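Quick note: the coordinates plus some simple rules give every number you see, no bench work behind them. Quantities reported herein were computed from a predicted structural model and do not represent experimental measurements. Here the Cβ positions follow ideal geometry from the backbone for every residue, glycine too, while neighbour counts run over all protein chains shown.
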Amino acid sequence: MGESRREFLCNTLPRLLSLMLCGTGHASEKMNPSSEIPSCTLYRVINGSPSANMIQLIEIMGGIESIISPDDIVLIKPNVQWWNQGSPNLCALKTFIDLIMNRPGGFHGEVIIGENCHRGPQPWMSQDSGWAHIFERNADIDSIHNLNDLTSHLKKMYGDRFSGVHFVDVQAGARRIFGPSEGAGYVYCDGTGGVPLLKYDNCATGSAFRQVIMTYPIFTTDRGTTVDFKHGIWAKGAYTGQLLKFINFAALNHHSSYCGTTSAIKNYLGITDLSGGPDPENMGKIISRYYNFHSFPFNKWSSGPVPGMLGGEVGTFMNIVRKADMNITTAQWAGLASRTDLPAAHTKAVFACSDPVALDYHTAKYILYPNSRISVHNPDNTAGPLYDDLKKCADITGFQFDERRVTVKSYDSNQHILTESSGSKIIGNIKWGGDLKAILKYLYLRIT
């Protein structure tokens, strides 16, 4: 009673969208959140080297041939905006690609590392990104010190079966396009040029009201394959139906007091175009009245007017553009107060799950928070931003925010034991470093 039309729409439409897009079986499970019947499986391997952990992870998942088919086009999206623990472990990433390329039965498709790190027109040259900045830790491969080194190495090994692709914001020089026939660029789903209007709003009123549109890249691989991120592979004027597998390959770190953590869900911001900048009060709009994926949920470097909007926009993107076929989080290191600086915990773990909400909940609860003891890393903290983002994303997509409905299969490389449980904490050795300012920042976050 007394519910406004806007509130009714905001509360009802996400559930209806989930029913339409996720299927009646998944949606009916979401209708009974108290049920303890598992709806997904989360895999984790701990206490090994980055390569050994990844090999074991894929083995307990049924082998790489159960994930990747011989002719798939595989897009791997790491977070390369940062380096050190702010990036996925480079050895783990290389090992995963090696497994694909050498899968039993052969591999005749392509593997692509694709990312928008929002570092200008030539991100591969930016010392403010993981492409060019030297890693002090979390590389773990001789003579490979950043993503440029890794992609060059993979190119020498695999030729045109491998591509490294940079998605660049339109504001930084990329083209706005309306479909794959126009070549590479970004599609803005604003309802013009034959592209549908795909938007999401924060349900607020007055000056707090904001809308965001979906954006996604179209690009060409080194083999000449045209990839439309939403619709798939394009050739000779039509979509071919060849499978595009999307792997969300994340790290695990502190982000900020207004966002909490950076991991699988936030990694989607590196797919979208952030033209307009991060500040909704200073540009911030990608086009017309629509904000981009950063300026929509936040007030530059602080929380925005409505909690949970990062999870809301990413959940909407998953539903109506594309969601990952698999989410992998490498937490060889976890940044306690920074994505690049110490202190960081050497947690020596890797995780995989088809459900990014379940994955982010688990890694925050059982790795980042137990090591940092910073309240915004606790996914059960109802006053924290992580809780709001995960819950909103789960509400929209039907993914799991209830850990009782997630089966955890955990392999310990020290004990050579595979167990099935609800989860357990992983405490790593903390490397503090000698930067007093960084240590004071961590202590401040601990007590606030």
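Only residues that are part of a strand (DSSP E or B) and in contact with a Ser or Thr (Cβ under 6 Å, 6 or more places away or on another chain): list them for the range 410-429, please.
Once the filter is applied, which keeps residues that are part of a strand (DSSP E or B) and in contact with a Ser or Thr (Cβ under 6 Å, 6 or more places away or on another chain), the range 410-429 yields 410, 419.
Please tell me if residue 151 is farther than 21 Å from residue 270 by Cβ and among the polar types (S, T, N, Q).
The answer is no for residue 151.
The rows are residues; the columns are (1) crowded, with 20+ Cβ neighbours inside 10 Å; (2) at positive phi; (3) not in a helix (DSSP H, G or I).
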| residue | (1), (2), (3) |
| --- | --- |
| 95 | yes, no, no |
| 105 | no, yes, yes |
| 114 | yes, no, yes |
| 128 | no, no, yes |
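Given the conditions (1) under 25 Å from residue 175 (Cα atoms); (2) outside any loop (DSSP other than H, G, I, E, B); (3) not aromatic (Phe, Trp, Tyr), and given that residue 261 satisfies all but one, which numbered condition is not satisfied?
Of everything listed in (1) under 25 Å from residue 175 (Cα atoms); (2) outside any loop (DSSP other than H, G, I, E, B); (3) not aromatic (Phe, Trp, Tyr), residue 261 misses just condition (1).
Looking at 316, 330, which one is touching a residue at least 24 places away in the same chain (Cβ under 8 Å), assigned to a helix (DSSP H, G or I) and among the hydroxyl-bearing types (Ser, Thr, Tyr)?
Just a single option satisfies the conditions, and that option is 316.
Which residues, taken from the range 430-448, are surrounded by 12 or more Cβ atoms within 10 Å (Cβ to Cβ), in a helix (DSSP H, G or I) and of a type in the set (Lys, Arg)?
If the condition is that a residue be surrounded by 12 or more Cβ atoms within 10 Å (Cβ to Cβ), in a helix (DSSP H, G or I) and of a type in the set (Lys, Arg), then 441, 446 are the ones that fit.
Looking at 417, 427 in this structure, which one is surrounded by fewer than 13 Cβ atoms within 10 Å (Cβ to Cβ), in contact (Cβ under 8 Å) with a residue 60 or more places away in the chain and over 23 Å from residue 258 (Cβ atoms)?
427
What number goes with the only condition from (1) surrounded by 14 or more Cβ atoms within 10 Å (Cβ to Cβ); (2) outside any helix (DSSP H, G or I) that residue 224 does not pass?
(1)
Looking at 271, 320, 247, 287, which is the one that is touching a strand residue (DSSP E or B) at 6+ places or on another chain (Cβ under 8 Å), within 21 Å of residue 218 (Cα to Cα) and surrounded by fewer than 19 Cβ atoms within 10 Å (Cβ to Cβ)?
Just one listed residue meets the conditions, 287.
If you check 278, 305, which single one turns out to be surrounded by fewer than 23 Cβ atoms within 10 Å (Cβ to Cβ) and more than 19 Å from the chain's Cα centre (by Cα)?
One residue alone meets the criteria, 305.
Can you pull out every residue in the range 334-365 that is crowded, with 24+ Cβ neighbours inside 10 Å and in a helix (DSSP H, G or I)?
Answer for the range 334-365, where residues must be crowded, with 24+ Cβ neighbours inside 10 Å and in a helix (DSSP H, G or I): 356, 357, 358, 359, 360, 361, 363, 364.
Which residues, taken from the range 163-199, are more than 17 Å from residue 293 (Cβ to Cβ), buried (at least 16 other Cβ atoms within 10 Å of the Cβ) and either of a type in the set (Asp, Glu) or in contact with a Pro (Cβ under 7 Å, 6 or more places away or on another chain) (or both)?
166
Out of the residues in the range 58-76 that are crowded, with 20+ Cβ neighbours inside 10 Å and in contact with a Phe, Trp or Tyr (Cβ under 6 Å, 6 or more places away or on another chain), which is farthest from residue 333 (Cα to Cα)?
Checked the range 58-76; the qualifying residue farthest from residue 333 (Cα to Cα) is 75.
For the condition over 28 Å from residue 315 (Cα atoms), surrounded by 22 or more Cβ atoms within 10 Å (Cβ to Cβ) and either hydrophobic (A, V, I, L, M, F, W, C) or in contact (Cβ under 8 Å) with a residue 12 or more places away in the chain (or both), what is the one hit in 148, 202, 138?
So the residue among 148, 202, 138 that is over 28 Å from residue 315 (Cα atoms), surrounded by 22 or more Cβ atoms within 10 Å (Cβ to Cβ) and either hydrophobic (A, V, I, L, M, F, W, C) or in contact (Cβ under 8 Å) with a residue 12 or more places away in the chain (or both) is 138.
Using the structure shown, decide if residue 305 is within 19 Å of residue 294 (Cα to Cα) and assigned to a loop (DSSP other than H, G, I, E, B).
So residue 305 fits the description; yes.
Give the range 101-121 a look and list any residue that's under 28 Å from residue 273 (Cβ atoms) and free of Cβ contacts under 8 Å to residues at least 40 places away in the same chain, or say none.
119
Taking the range 38-68, which residues are more than 24 Å from residue 87 (Cα to Cα) and within 19 Å of the chain's Cα centre (by Cα)?
40, 41
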